[in-house]
Amino acid sequence: MQAFTYANPGTVADAARAAMQEDAKLMAGGQTLLQSMKLGLIAPSAVIDLTGIAELKGITVAGGKVTLGAGTTHAAVAASKEVRQAIPALAELAGHIGDRQVRNRGTIGGSLANNDPAACYPAAVLGLGATVQTNKRSLSAEQFFQGLYTTALEDGEIITAVSFPIPEKAGWQKFKQPASRFSLVGVFVSKGPAGVRVAVTGAGANGVFRAGTLEAKLAANWSAAALAGATVPADDLNSDLHGSAEYRAALIPVLAARAVG
């Protein structure tokens, strides 16, 4: 790991200014960034630590929405009585990300900014039709996610919060890779203000995506039975040593049916 400067700003505005340095990197939980630096995959000139910014942390439930500060840890979301009451599936998802160390260090903002194709939170954001708020603008889930490890974030742009509309019904099912605990396939389903949505993580070669065929079936009949015999094409799905594209395609409707309950 090569030398770099370290900054620990106290406000989003200060962090955004520091992030404009050439080759600077923002750090939330640091779990991906630090490992990438140790492996020599990236070599930033400066690391801007966001963990000391109080305005990025917290959970509020108001106006039919659950809003999570970008610096809120997975453990805090999982333990929140307000989240468990408003969107139980969201708390369930957060409570099974990685292990205890990961949940107590990792944040929703860091997860979304990294946009790992097997991360859990992108499925909840897309599956609930959430809005990603930054220090510059508000982005719909469809606008935010743009491909493998790619988002709409610009230089100096920082995720500040994520707002989830409270659904009438929602569910989450994850078939995890046992070593990493990332989603081999994860499916988030919801029925609410954003309509019927089925979002899939871990399977798509280009990251999180919506399963339109399954959404249409659930819009007509919100039940596990409605997905009996449903199929998802294996085109554009991942195939690796953990599972073929066809295996992942077969898992998606099964997990979606379980998520519906």
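The lysines within cross-link reach of Lys38, meaning a Cα-to-Cα straight distance under 21 Å and a gap of 8 or more places when in the same chain, are Lys25.
Comparing Ile59, Ile42, Ile158 in a Gaussian network model of the chain (Cα springs below 10 Å), the most mobile by mean-square fluctuation is Ile42.
Suppose we keep just the DSSP beta bridges with both residues in the chain; what percent of those would be antiparallel, to 5?
Numbers: 38 of 45 bridges.
Looking only at bridges with both residues in the chain, the antiparallel portion is about 85 percent.
Divide, for the chain, the radius of gyration over alpha carbons by 2.2 N^0.38 Å, where N is the residue count.
0.99
Please give the calculated 222 nm ellipticity per residue for the chain, where each DSSP H segment of at least 4 residues contributes -39500 (n - 2.57) and the sum is spread over every residue; nearest 500 deg cm²/dmol?
-8500 deg cm²/dmol
Entry note, the chain: relative contact order of 15 percent, from Cα contacts under 8 Å with a spacing of 6+ residues. Whole-Hz Karplus values for region 156-172 come out as x, 9, 10, 5, 10, 6, 10, 10, 10, x, 6, x, 5, 9, 7, x, 9 Hz, taken residue by residue from phi with 6.51 cos²θ - 1.76 cosθ + 1.60 and θ = phi - 60°; glycine and proline positions read x.
Which of the trypsin sites (Lys or Arg not before Pro) across region 123-205 are loop residues per DSSP, with 16 or fewer other Cβ within 10 Å?
On the way: sites: Lys136, Arg137, Lys169, Lys174, Lys176, Arg181, Lys191, Arg197; in loops: Lys136, Arg137, Arg181.
When the trypsin sites (Lys or Arg not before Pro) of region 123-205 are filtered for loop state and at most 16 Cβ neighbours within 10 Å, Lys136, Arg137, Arg181 remain.
For region 1-55, the C-alpha radius of gyration sits at 1.08 times the compact-globule guess of 2.2 N^0.38 Å, with N the residue count. Taking amide H atoms as placed 1.01 Å from N in the peptide plane, the amide H of Leu237 lies under 5 Å from those of Ala205, each 5 or more residues away in sequence or on another chain. Taking the centroid of alpha carbons for each part, region 11-42 and region 139-171 are 19 Å apart.
Each of Asn221 and Ala54 was given a label point 7 Å from its Cα along the Cα-to-Cβ line. The distance between the two points is 5.5 nm. Counted over region 1-127 with a bin width of 5 Å, the fraction of Cα pairs per bin, in whole percents, is 2, 10, 20, 22, 18, 14, 8, 4, 1, 0.
For an R0 of 41 angstrom, estimate the FRET efficiency from the Cβ-Cβ distance between Ala79 and Asp235 and round to the nearest 0.05. Don't jump to the answer; show the numbers that get you there.
Details: r = 40 Å, r/R0 = 0.97.
For Ala79 and Asp235, the calculated efficiency is 0.55.
Taking 0.36 nm per residue of sequence separation and removing the Cα-Cα distance, the Asp14/Arg137 pair yields an extension gain of 42.6 nm.
3J(HN,Hα) couplings calculated from phi for region 50-62 with the Karplus curve 6.51 cos²θ - 1.76 cosθ + 1.60 (θ = phi - 60°) are, in sequence order, 8, 5, x, 8, 5, 5, 8, 10, x, 10, 10, 10, 6 Hz; Gly and Pro show x.
Quick note: the coordinates plus some simple rules give every number you see, no bench work behind them. Computed from a prediction, not measured in an experiment: that's the story for all the values here. Counting neighbours? That spans all protein chains shown, and the Cβs are built from the backbone with ideal geometry, glycine included.
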